[in-house]
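Taking it in order: structure first as C-alpha coordinates, then the write-up.
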Amino acid sequence: QVHLVESGGGLVQPGGSLRLSCAASGSIFSINIMGWYRQAPGQQRELVAYITRDGSINYVESVKGRFTITRDAAKNTVYLQMNSLKPEDTAVYFCNFFTPRNDYWGQGTQVTVSS
(Lines give C-alpha, C1' and ligand atoms only; values in the text may rest on other atoms or scores of the structure.)
Protein backbone atom coordinates (compact mmCIF):
# COMPACT_ATOMS: atom_id res chain seq x y z
CA GLN A 1 0.00 0.00 0.00
CA VAL A 2 1.44 3.34 -1.05
CA HIS A 3 0.82 6.49 0.94
CA LEU A 4 1.98 10.01 0.22
CA VAL A 5 3.13 11.79 3.35
CA GLU A 6 3.22 15.58 3.30
CA SER A 7 4.94 17.96 5.67
CA GLY A 8 5.96 21.57 5.94
CA GLY A 9 2.69 23.47 6.20
CA GLY A 10 1.95 26.04 8.86
CA LEU A 11 1.23 29.64 9.67
CA VAL A 12 3.38 32.32 8.10
CA GLN A 13 3.20 36.08 7.74
CA PRO A 14 2.70 37.71 4.34
CA GLY A 15 6.01 37.82 2.51
CA GLY A 16 7.28 34.76 4.32
CA SER A 17 8.35 31.37 3.02
CA LEU A 18 7.47 27.73 3.52
CA ARG A 19 8.76 24.52 2.00
CA LEU A 20 6.39 21.62 1.51
CA SER A 21 7.61 18.05 1.12
CA CYS A 22 5.79 14.95 -0.11
CA ALA A 23 7.27 11.47 0.02
CA ALA A 24 5.88 8.09 -0.96
CA SER A 25 5.88 5.63 1.92
CA GLY A 26 5.95 2.49 -0.21
CA SER A 27 7.28 1.29 -3.52
CA ILE A 28 5.94 3.20 -6.45
CA PHE A 29 7.01 2.93 -10.05
CA SER A 30 6.65 4.85 -13.26
CA ILE A 31 5.62 8.17 -11.81
CA ASN A 32 4.73 10.26 -14.84
CA ILE A 33 3.81 13.45 -13.05
CA MET A 34 4.39 14.81 -9.55
CA GLY A 35 2.20 17.73 -8.68
CA TRP A 36 0.90 20.07 -6.02
CA TYR A 37 -2.71 21.17 -5.77
CA ARG A 38 -4.44 23.45 -3.31
CA GLN A 39 -7.98 24.01 -2.14
CA ALA A 40 -9.19 27.08 -0.32
CA PRO A 41 -12.46 27.08 1.67
CA GLY A 42 -15.45 27.18 -0.63
CA GLN A 43 -13.32 26.85 -3.74
CA GLN A 44 -12.43 24.07 -6.15
CA ARG A 45 -9.12 22.30 -5.96
CA GLU A 46 -6.63 23.86 -8.35
CA LEU A 47 -3.36 22.67 -9.79
CA VAL A 48 -0.50 24.80 -8.48
CA ALA A 49 2.56 23.21 -10.08
CA TYR A 50 3.73 19.97 -11.60
CA ILE A 51 6.88 18.31 -12.85
CA THR A 52 6.90 15.51 -15.39
CA ARG A 53 9.09 12.46 -15.69
CA ASP A 54 11.29 14.21 -18.24
CA GLY A 55 11.64 17.29 -16.06
CA SER A 56 9.13 19.61 -17.67
CA ILE A 57 7.67 22.08 -15.16
CA ASN A 58 4.55 24.18 -15.15
CA TYR A 59 2.97 26.62 -12.70
CA VAL A 60 -0.39 28.28 -12.34
CA GLU A 61 -0.01 31.92 -13.30
CA SER A 62 -0.66 33.24 -9.79
CA VAL A 63 2.44 31.57 -8.31
CA LYS A 64 4.96 32.05 -11.12
CA GLY A 65 8.14 33.64 -9.86
CA ARG A 66 7.29 32.86 -6.24
CA PHE A 67 6.95 29.05 -6.03
CA THR A 68 9.46 26.43 -7.16
CA ILE A 69 8.75 22.73 -7.58
CA THR A 70 11.62 20.27 -7.37
CA ARG A 71 11.95 16.54 -6.91
CA ASP A 72 14.29 13.83 -5.76
CA ALA A 73 13.35 11.03 -8.14
CA ALA A 74 15.50 8.46 -6.32
CA LYS A 75 13.54 9.11 -3.13
CA ASN A 76 10.15 9.53 -4.82
CA THR A 77 9.88 12.90 -3.13
CA VAL A 78 8.60 16.21 -4.42
CA TYR A 79 9.04 19.64 -2.86
CA LEU A 80 7.34 22.99 -3.20
CA GLN A 81 9.33 26.02 -2.13
CA MET A 82 6.93 28.90 -1.57
CA ASN A 83 8.35 32.41 -1.25
CA SER A 84 6.72 35.83 -1.01
CA LEU A 85 3.58 34.23 0.32
CA LYS A 86 0.32 36.13 0.12
CA PRO A 87 -2.92 35.77 2.08
CA GLU A 88 -4.57 34.41 -1.07
CA ASP A 89 -2.15 31.46 -0.97
CA THR A 90 -3.97 30.23 2.14
CA ALA A 91 -5.32 26.76 1.43
CA VAL A 92 -4.89 23.07 2.07
CA TYR A 93 -2.09 21.84 -0.19
CA PHE A 94 -2.18 18.31 -1.61
CA CYS A 95 0.51 16.41 -3.43
CA ASN A 96 -0.30 14.04 -6.27
CA PHE A 97 1.68 11.31 -8.02
CA PHE A 98 0.23 10.18 -11.32
CA THR A 99 1.23 6.79 -12.73
CA PRO A 100 -0.24 4.74 -15.58
CA ARG A 101 -1.96 2.48 -13.04
CA ASN A 102 -2.83 4.73 -10.13
CA ASP A 103 -3.39 8.29 -9.04
CA TYR A 104 -2.02 8.87 -5.53
CA TRP A 105 -2.94 11.73 -3.21
CA GLY A 106 -1.52 13.03 0.03
CA GLN A 107 -3.70 13.83 3.02
CA GLY A 108 -3.19 17.56 2.67
CA THR A 109 -1.28 20.11 4.71
CA GLN A 110 -2.65 23.47 5.80
CA VAL A 111 -0.88 26.64 4.73
CA THR A 112 -2.13 29.84 6.34
CA VAL A 113 -0.72 33.23 5.38
CA SER A 114 -1.81 35.87 7.85
CA SER A 115 -0.45 38.70 9.92
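The values are calculated or read from the model by the stated rules, or taken from the named source; none is laboratory data. Bear in mind that the values here come from a model prediction, so they are computed numbers and not experimental data. A quick note on method: Cβ atoms are made from the backbone with ideal geometry, for glycine too, and the neighbour counts reach across all protein chains shown. Keep in mind that these areas ignore ligands, DNA and RNA; they rest on the heavy atoms of the full protein, side chains included. Shrake-Rupley method; radii C 1.70, N 1.55, O 1.52, S 1.80 Å.
For residues in segment 1-38 being of a type in the set (G, A, S) and in contact with a Ser or Thr (Cβ under 7 Å, 6 or more places away or on another chain), which is nearest to T99 (Cα to Cα)? Checked segment 1-38; the qualifying residue nearest to T99 (Cα to Cα) is S30. Scanning segment 20-39 for residues that are at negative phi and exposed (fewer than 14 other Cβ atoms within 10 Å of the Cβ) yields S25, G26, S27, F29, N32.
R66 fulfils the conditions (1) open to solvent by less than 90 Å² (accessible area, probe 1.4 Å); (2) modelled with pLDDT under 95; (3) of a type outside the set (G, A, S) except for a single criterion, (2).
Looking at segment 61-102, which of its residues are among the acidic types (D, E) and touching a strand residue (DSSP E or B) at 6+ places or on another chain (Cβ under 7 Å)?
Scanning segment 61-102 gives a single hit, D89.
Only one of the listed residues (V5, V78, V48) is open to solvent by 70 Å² or more (accessible area, probe 1.4 Å) and either in contact (Cβ under 8 Å) with a residue 24 or more places away in the chain or assigned to a loop (DSSP other than H, G, I, E, B) (or both). That residue is V5.
Take segment 8-39 and flag every residue that is closer than 16 Å to A74 by Cα and either in contact with a Gly (Cβ under 8 Å, 6 or more places away or on another chain) or free of Cβ contacts under 8 Å to residues at least 60 places away in the same chain (or both).
Those that are closer than 16 Å to A74 by Cα and either in contact with a Gly (Cβ under 8 Å, 6 or more places away or on another chain) or free of Cβ contacts under 8 Å to residues at least 60 places away in the same chain (or both): S21, C22, A23, S25, G26, S27.
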